[in-house]
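Visitor: Sending over a structure as structure tokens; questions will come in a sec.
Just so it is clear, none of the values below were taken in a lab; they were calculated from the coordinates. Note that this is a predicted model, so its numbers are computed, not measured. All Cβ positions, even for glycine, are placed from backbone atoms using ideal geometry, and neighbour counts span all protein chains on display.
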Amino acid sequence: MLRDWLSVGVAMAAGLFMTVQYFLVSESANAAYRTVLLWMQIVFAFALIIGVIGVLRIHLKKLSRPGSGRIYSGTLLAGAVLMSVFGFSGGIERGSAFLWVFDNLQAPMQSTVFSLLAFYVASAAYRGFRARSMESAVLVIAALIVLIGRVPVGEWLSPHIPESADWILNVPALAAKRAILIGIGLGMIATSLKVIAGLERTYLGGR
Amino acid sequence: MSAAPRRWVFAVMGAVVIGALLFRVGLPIRITSETRQVYEQLESLDSSDVVMISFDHEASSLPEIGPIGSAIIDHCLRRGTKIIGLALFSEGTAAGYSLLGDRARRAGAVEGEDWLYLGFRPQYAAAILGMGEDIPQVFETDYQGRPLSGTPLGMRVHDYRDIAIVVSLSDGSMPTYWVEYAGARYGARVVAALTAVMVTSFLPYLESGQLAGIVPGMKGAAEYEQLMGLPAAGTRGMDAQSAAHVVIAVLVVLGNIQAWSDRRRARRSP
Amino acid sequence: MTIEVTLTALLTLAIYSFLAGDNPFYRFAEHLLVGLTIGYTLVVTIKSVIWPQCAIPIGNGQLSAIIPLVLGLLILLRLSRSLAPWSRIPLALVVGGGAGVAIPAMLQARVLSQMEATISGTGSVTGWIVLIGVVTTLTYFVFTREHRGAWGAAARGGRLFMMVFFGATFAYTVMSRVALLIGRLEFLLGDWLGLLRT
């Protein structure tokens, strides 16, 4: 209970100070502001490590259980150990094993995984992109014009296609996104105010 | 859709992209105003200016973001503009270091004088705001652990007033934070070099003048390469990009014809 | 064709084998990728952030650096069931501090600047269309009032604007995914098989 109040107090104090600081012209306030910014980065770095340890714990448990999943968990752990050993013992600079593994294994594999989506997007385009109502028809037509108008083939077919695509992007699509931005902005301001007032406490654990 | 027709769709998609890569026709590439805007701004800089390039992306988007980054870095190096690199995404760190280092070495640029790579900082809001106050406090050392004060370029940059343009190479919403924290509060001029999927999200910022330009996806890279007169990965991929878009457009039309005929048949049958 | 190119190509093909269905080659590559990413994140976070910002300053006698180190260690207590509540203190600093910096930034850069751009654009027809689009889309997001009559018509108009936005975003999503595919196929066909002309 005391810990919760302490946490809420820290959030309120940090939030209030960081808001007020925006309007202050004071060297000491500025120094405190810079210090808090630095601390926030360091705390966040430790939070990244929690995620890493969490995944490692799950796969260490899986490794101790019988079944085919052990091989895959073993592969995952081996990959993590390999990269850690390379990084901590051999450095992360040009020519290091760490950078070699990143450039030749990690980065290509990651982009390959995401490139799979090109195939699934094609499949979804055939299966799910249906003009069943006026609204969905508007969506399909806008998609088709931008799809063709923003690649060289659109210009080759007719200069009107890229011009139409430009209009769609710079007028109706822009208007909708702008409204969404304003809405999200207002929502974030309201949530931030609630955090600073101590009314929003879900970050303490969902209560 | 059952597995068999879906695999046909996969096969057609793969075959069309492979075919377009093998047999390029070189369709003309139209330069959009947003890419030209970025090019012209970087073109107006010289060797006394510093550009900050933030690698705000995951490794997964490298095939798309890499050509844009290469084009922008090459442009800066050609102008003699100094480059400070950093990353606000963990995976962008090594990707940025490799990309910037490779392009700089190819151009014969000297590390520490012509370019410098600072490394990674998490908590983007705090990092962006912190650099607005004092860059050496946020990055005391560079990526390789050398003190910033030990390099001529590191000694030159204190905050955003020493940076002509901030380029956020991003596959997410990071340019928003550059605009909101570095742009609005410290007056930094921000350019977004984006994966295509993010383009529509940033058009309002471009129109309002909060973003100084956008380079949109691989097409943007191709446009930039055309402007520089150095066709590279972006330009090479444009025929395949066009072909794949035509395939998807045809699939959308076919899917709708199929659905329409199915509905008509269902209405006729008792 | 070097060993590293062949190795990368084989792992790329292992991932593409997923298109034919889940299989051991794909699962091996997927788990290897997650493992490498975990190791990578650990190394970069410690070597690039925690070491230079905590360990080195403390080593140099800068004792104020102990505070963020303690806060960071407190957040690691999240991994212990009994001690986890202590991790809320540093979390509160990040959440509270983030909320504090967000308020002026959101208000100035997102809400006011975007509203200003909308209103200042009304000198042209397209500017008016944008204004109508912004107002009607915002109307759609007001859920405290029933969408009937003129209000409902405005909300329906807003939905149309959003449909155009979603359609355009779909098109750009296709562009992004295809670009990744092109990048990988260029690697396989060019770097690995040497079939592409430069």
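Visitor: Can you give the calculated 222 nm mean residue ellipticity of chain A, where each DSSP H run of n ≥ 4 adds -39,500 (n - 2.57) and the sum is split over every residue, rounded to the nearest 500 deg cm²/dmol?
Guide: Numbers: 9 runs with 166 residues, N = 207.
Calculated at 222 nm, the ellipticity per residue is -27500 deg cm²/dmol.
Visitor: Next question. Counting pairwise Cα distances across chain C, what percent come out greater than 26 angstrom?
Guide: Working: 13209 of 19503 pairs.
The proportion of pairs with Cα distances above 26 Å equals 68 percent.
Visitor: Hey, another quick one. For the range B:22-107, which chymotrypsin sites (Phe, Trp or Tyr not before Pro) pass both filters: DSSP loop (anything but H, G, I, E, B) and at most 13 other C-beta atoms within 10 Å?
Guide: Working: sites: B:Phe23, B:Tyr39, B:Phe55, B:Phe89, B:Tyr97; in loops: B:Phe23, B:Phe89.
Sites meeting the loop and neighbour criteria: B:Phe23.
Visitor: Another one. Can you compute the charge dipole magnitude of the protein assembly as shown about its Cα centre, using +1 on each Lys and Arg Cβ and -1 on each Asp and Glu Cβ, nothing else charged? Give it in debye, rounded to the nearest 20. List each step's numbers first, then the result.
Guide: Values: 54 positive and 43 negative charges, 571 e Å.
Its charge dipole is roughly 2740 debye.
Visitor: Charges at C-beta only: +1 for Lys and Arg, -1 for Asp and Glu. How large is the resulting dipole of chain B about its Cα centre, in Debye rounded to 20? Can you show the working numbers first?
Guide: Details: 24 positive and 27 negative charges, 338 e Å.
In total the dipole reaches around 1620 debye.
Visitor: Something else now. Indicate the gyration tensor shape class of the range B:198-270 (rounded, prolate or oblate), computed on the Cα atoms with a ≥ b ≥ c the square roots of the eigenvalues: a/c under 1.5 is rounded; otherwise a/b larger than b/c is prolate and the rest oblate. Numbers along the way, then the final one.
Guide: Working: a/c = 7.22, a/b = 2.02, b/c = 3.57.
Oblate, since a/c reaches 1.5 and b/c is not below a/b.
Visitor: Could you list B:Asp162, B:Asp142, B:Asp239, C:Asp22 in order of exposure, starting from the residue whose Cβ has the fewest other Cβ atoms within 10 Å?
Guide: Least to most surrounded, the residues fall as C:Asp22, B:Asp162, B:Asp239, B:Asp142.
Visitor: Relative contact order of the range A:68-207, please, whole-number percent, based on alpha carbon pairs below 8 angstrom and at least 6 residues apart. The partial results should precede the final answer.
Guide: On the way: 53 pairs, mean separation 11.8, N = 140.
It rounds to 8 percent for the range A:68-207.
Visitor: Specify which residue in the list C:Leu11, B:Ala127, A:Ser158 is farthest towards the positive end of the charge dipole of the protein assembly as shown, using unit charges on the beta carbon of Lys, Arg (+1) and Asp, Glu (-1), about the Cα centre.
Guide: C:Leu11
Visitor: State, as an integer percentage, the relative contact order of the range B:153-270 based on alpha-carbon contacts under 8 Å between residues 6 or more apart. Kindly include the intermediate steps, with their values, before the conclusion.
Guide: Numbers: 119 pairs, mean separation 18.9, N = 118.
Relative contact order comes out at 16 percent.
Visitor: Please state the relative contact order of chain C as a whole percent: Cα pairs under 8 Å, 6+ residues apart?
Guide: The normalised contact order for chain C reaches 15 percent.
Visitor: Taking the Cβ of B:Glu133 as the center, what net charge do the other residues with Cβ under 15 Å away carry, scoring Lys and Arg +1 and Asp and Glu -1?
Guide: Details: positive: A:Arg34, B:Arg121, B:Arg161, B:Arg185; negative: A:Glu27, B:Asp134, B:Glu140, B:Asp159, B:Asp162.
My count for the surroundings of B:Glu133 gives -1.
Visitor: Suppose the Debye formula is applied to equal point scatterers at every Cα of the range C:157-198; what is log10 I(q)/I(0) at q = 0.23, 0.25 Å⁻¹?
Guide: Scattering profile of the range C:157-198, log10 relative to I(0): -0.73, -0.78.
Visitor: With the Cα gyration tensor of the range C:69-143 giving a ≥ b ≥ c as the square roots of its eigenvalues, does the rule (a/c under 1.5 for rounded; else a/b larger than b/c for prolate; else oblate) give rounded, prolate or oblate? Spell out each step's value before the answer.
Guide: On the way: a/c = 5.97, a/b = 3.13, b/c = 1.91.
Taking the square roots of the gyration eigenvalues as a ≥ b ≥ c, the range C:69-143 is prolate.
Visitor: Can you count the Lys pairs in the protein assembly as shown whose Cα atoms are under 27 Å apart, with each pair 8 or more apart or on different chains? Mind showing how you got there, number by number?
Guide: Details: A:Lys177/A:Lys194; A:Lys177/B:Lys219; B:Lys82/B:Lys219; B:Lys82/C:Lys47.
Lysine pairs meeting the criterion: 4.
Visitor: If you add up the charges near A:Gly74, with Lys and Arg at +1 and Asp and Glu at -1, over every other residue whose beta carbon is less than 14 angstrom from its beta carbon, what do you get? Could the numbers behind the result be given before it?
Guide: Numbers: positive: A:Lys61, A:Lys62, A:Arg65, A:Arg70, C:Arg27; negative: C:Glu30.
Neighbour charge sum, excluding A:Gly74 itself: +4.
Visitor: Oh, and also: Pairwise over distinct Cα atoms, reciprocal of the mean inverse distance: report the Kirkwood radius of chain A in Å, one decimal place.
Guide: Numbers: mean 1/r = 0.0422 Å⁻¹.
Taking the inverse mean of 1/r over all distinct Cα pairs, chain A comes out at 23.7 Å.
Visitor: Would you mind listing how long the protein assembly as shown runs along its three principal axes, going by Cα atoms, in whole Å with the largest first?
Guide: Rounded to whole Å, the extents work out to 80, 65, 60 Å.
Visitor: Would you compute the Debye intensity of the range B:1-73 from its alpha-carbon atoms alone, equal scatterers and no solvent, and pass along log10 I(q)/I(0) at q = 0.26 Å⁻¹ to two decimals?
Guide: The calculated log intensity ratios at q = 0.26 Å⁻¹ are -1.19.
Visitor: Counting helices only, and only those DSSP H runs with n ≥ 4, report the 222 nm mean residue ellipticity of chain B as the sum of -39,500 (n - 2.57) divided by its residues, in deg cm²/dmol to the nearest 500.
Guide: Values: 11 runs with 146 residues, N = 270.
After summing the helix terms and dividing by residue count, I get -17000 deg cm²/dmol.
Visitor: Using Cβ counts within 10 Å as a stand-in for footprinting exposure, how do B:Cys76, C:Cys54 rank, fewest first? The partial results should precede the final answer.
Guide: Numbers: B:Cys76 28, C:Cys54 23.
In increasing order of surrounding Cβ atoms, one gets C:Cys54, B:Cys76.
Visitor: While we're on this one: How large is the charge dipole for chain C, taken about the Cα centre, if only the Cβ atoms of Lys, Arg (+1) and Asp, Glu (-1) carry charge, to the nearest 20 debye? The partial results should precede the final answer.
Guide: Numbers: 13 positive and 7 negative charges, 113 e Å.
I would put it at about 540 debye.
Visitor: Below 11 angstrom from the Cβ of B:Ala59, what's the summed charge of the other residues (Lys, Arg +1; Asp, Glu -1)?
Guide: On the way: positive: none; negative: A:Asp103, B:Glu58, B:Glu91, B:Asp171.
Here the count lands on -4.
Visitor: 5 Å is the cut-off here: which amide hydrogens, built 1.01 Å from N in the peptide plane, fall below it relative to B:Gly85, excluding neighbours closer than 5 in sequence?
Guide: It is B:Ile53, B:Leu116, B:Tyr117, B:Leu118, by chain and number.
Visitor: Helix-derived [θ] at 222 nm for chain C: sum -39500 (n - 2.57) over DSSP H runs of at least 4, divide by residue count, nearest 500? Working shown, then result.
Guide: Values: 8 runs with 131 residues, N = 198.
For chain C, the value works out to -22000 deg cm²/dmol.
Visitor: List, in order, the whole-Hz ³J(HN,Hα) value for each residue of the range B:195-212 obtained from phi through the Karplus relation with A = 6.51, B = -1.76, C = 1.60 and θ = phi - 60°; use x for Gly and Pro.
Guide: Running phi through 6.51 cos²θ - 1.76 cosθ + 1.60 with θ = phi - 60° gives 5, 4, 4, 9, 4, 4, 6, 9, 4, x, 6, 5, 5, 7, x, 6, 9, 7 Hz.
Visitor: Starting from the Cα gyration tensor of the range B:112-270, take the square roots of the eigenvalues, sort them a ≥ b ≥ c, and report rounded, prolate or oblate (rounded when a/c is under 1.5, otherwise prolate if a/b is larger than b/c, else oblate).
Guide: Working: a/c = 3.20, a/b = 2.30, b/c = 1.39.
The shape class here is prolate.
Visitor: Here's something else I'd like to know. Mind computing the radius of gyration and Dmax over the alpha-carbon atoms of the range A:7-65? Å is fine for both.
Guide: 18.2, 60
Visitor: Within chain B, what percent of beta bridges assigned by DSSP are antiparallel, to the nearest 5?
Guide: On the way: 1 of 25 bridges.
If we restrict to bridges inside chain B, about 5 percent are antiparallel.
Visitor: Which ordering of B:Arg267, B:Arg236, B:Arg156 is given by a fewest-first count of other beta-carbon atoms within 10 Å?
Guide: Values: B:Arg267 7, B:Arg236 22, B:Arg156 16.
Lowest to highest Cβ neighbour count: B:Arg267, B:Arg156, B:Arg236.
Visitor: Rounded to whole Å and sorted largest first, list the principal axis extents of the Cα atoms in the range B:72-184.
Guide: 35, 29, 24
Visitor: Ok, one more. Which residue, C:Gly183, C:Leu160, C:Phe141, has the largest displacement toward the positive end of the dipole of chain C when charges sit on each Cβ (Lys, Arg +1; Asp, Glu -1)?
Guide: Positive-end residue among those listed: C:Phe141.
Visitor: If a paramagnetic tag sat 7 Å from the Cα of B:Ala107 along the Cα-Cβ line, which residues of the range B:56-81 would have the backbone N under 16 Å from that point?
Guide: Residues passing the 16 Å test: B:66-81.
Visitor: Something else: Take every DSSP beta bridge with both residues inside the protein assembly as shown and express the antiparallel ones as a percent of the total, to the nearest 5.
Guide: That works out to approximately 5 percent antiparallel.
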